[in-house]
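Below you'll find the structure, written out as structure tokens, and then a few comments.
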Amino acid sequence: MSLWEAVAVFAAGLGAGTINTIVGSGTLITFPVLLAVGLPPVTANVSNSLGLVPGSISGAIGYRRELRDQWRRVLRFGVGALIGGLAGAILLLALPSSAFKAVVPGLIAVALVLVVAQPRLAAMVRAHRDRNGTTAHRDGGIALFTGLLLASVYGGYFGAAQGIIYLSLMGVLLSDDFQRLNALKNVLAALVNGVAAIFFLFVAHFDWTAVILIAVGSALGGQIGAKIGRRLPPAAMRAVIVAVGLVAIAQLLLK
């Protein structure tokens, strides 16, 4: 990896850590950069998962004030996150690499649709809360647990827009402040990335240089996202994510 490629990977990690803390989709930045510097898709995905763990932890720490009085939720949904994250990581290595190449462009496309649709999803969430008032299930019921479990399987497998899926599910099925839900999302993402990373350390091929560069960048980005990232114009952030995601799809389809 050349000096400029290393700089690009570090910058991608910084951006991903920031965006993941705010809403999610940071993988749409790091993954295509890793492909661009020459890593095979599965190796790039494993290296990305390992590198983003410090960023997830950093973002969760940055939102620690919003986590107060939510430890019951953390324990309940955290179990599903650990199970789902491990299952997704196993699927990534159990399925042939050709399956990953075939599936991921579609996953990225779905993620981009979620990114673009985020304002409408937020409006639906508000309308749902207005209609239901305080009658929403306190912990989201089995529907929310199942939805978060499946989202965690996806997160262990690839993870682009995982955070947006989490927020959409929790926003509809829980009545709570957005920032508190975002704090919970960051903890769940950290658990998914962490359990997948531990699994990958023992059984998968990865690029240590890429892992370290993304780890340092994402850890710094996690703090940036917790402190000032929420002040960035959402429309501009969505535009960047969509542009990078389209590049990733093109790279995968042209390989």
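The values are calculated or read from the model by the stated rules, or taken from the named source; none is laboratory data. Note that the structure is predicted; figures quoted are calculated from it, not measured. Every residue, glycine among them, receives a Cβ derived from its backbone with ideal geometry; neighbour counts consider all protein chains shown. Each accessible area value is taken on the protein alone, full model and side chains, heavy atoms only, with ligands, DNA and RNA left out. Shrake-Rupley method; radii C 1.70, N 1.55, O 1.52, S 1.80 Å.
Return a yes/no flag: does region 119-141 have any residue that is at pLDDT 80 or above and either more than 17 Å from the chain's Cα centre (by Cα) or closer than 16 Å to residue 22 by Cα (or both). Looking through region 119-141, at least one residue is at pLDDT 80 or above and either more than 17 Å from the chain's Cα centre (by Cα) or closer than 16 Å to residue 22 by Cα (or both). Looking only at residues in region 43-60 that are of a type in the set (Val, Ile, Thr) and under 21 Å from residue 151 (Cβ atoms), the one that is surrounded by the fewest Cβ atoms within 10 Å (Cβ to Cβ) is 57.
Take the residues in region 4-36 that are within 17 Å of residue 101 (Cα to Cα), β-branched (Val, Ile, Thr) and open to solvent by less than 20 Å² (accessible area, probe 1.4 Å), then tell me which one is farthest from the chain's Cα centre (by Cα). Looking at residues that are within 17 Å of residue 101 (Cα to Cα), β-branched (Val, Ile, Thr) and open to solvent by less than 20 Å² (accessible area, probe 1.4 Å), I get 30. Among the candidates 58, 25, the residue that is part of a loop (DSSP other than H, G, I, E, B) and not hydrophobic (A, V, I, L, M, F, W, C) is uniquely 25. Of all the criteria given as (1) open to solvent by 60 Å² or more (accessible area, probe 1.4 Å); (2) assigned to a helix (DSSP H, G or I), the one not satisfied by residue 205 is (2). Of the residues 241, 224, the single one that is touching a residue at least 60 places away in the same chain (Cβ under 8 Å), over 24 Å from residue 124 (Cβ atoms) and surrounded by 15 or more Cβ atoms within 10 Å (Cβ to Cβ) is 224. Residue selection: residue 215 satisfies the criterion of being of a type in the set (Gly, Ala, Ser), part of a helix (DSSP H, G or I) and either within 23 Å of residue 100 (Cβ to Cβ) or in contact with a Leu (Cβ under 6 Å, 6 or more places away or on another chain) (or both).
Considering region 156-192, and only residues there that are among the aromatic types (Phe, Trp, Tyr) and modelled with pLDDT of 80 or more, the residue that is farthest from residue 225 (Cα to Cα) turns out to be 157. The set of residues from region 61-95 being without any contact (Cβ under 8 Å) to a residue 60 or more places away in the chain, farther than 29 Å from residue 224 by Cβ and either in a helix (DSSP H, G or I) or open to solvent by 80 Å² or more (accessible area, probe 1.4 Å) (or both) comprises 79, 94.
Does residue 39 fit the bill of being within 26 Å of residue 97 (Cα to Cα) and either in contact with a Lys or Arg (Cβ under 7 Å, 6 or more places away or on another chain) or open to solvent by less than 10 Å² (accessible area, probe 1.4 Å) (or both)? Criteria not met by residue 39. Do you know which residues across region 209-244 are in contact with a Ser or Thr (Cβ under 8 Å, 6 or more places away or on another chain) and either at pLDDT below 85 or of a type outside the set (Val, Ile, Thr) (or both)? 210, 218, 219, 220, 221, 222, 223, 225, 226, 229, 241, listed by residue number.
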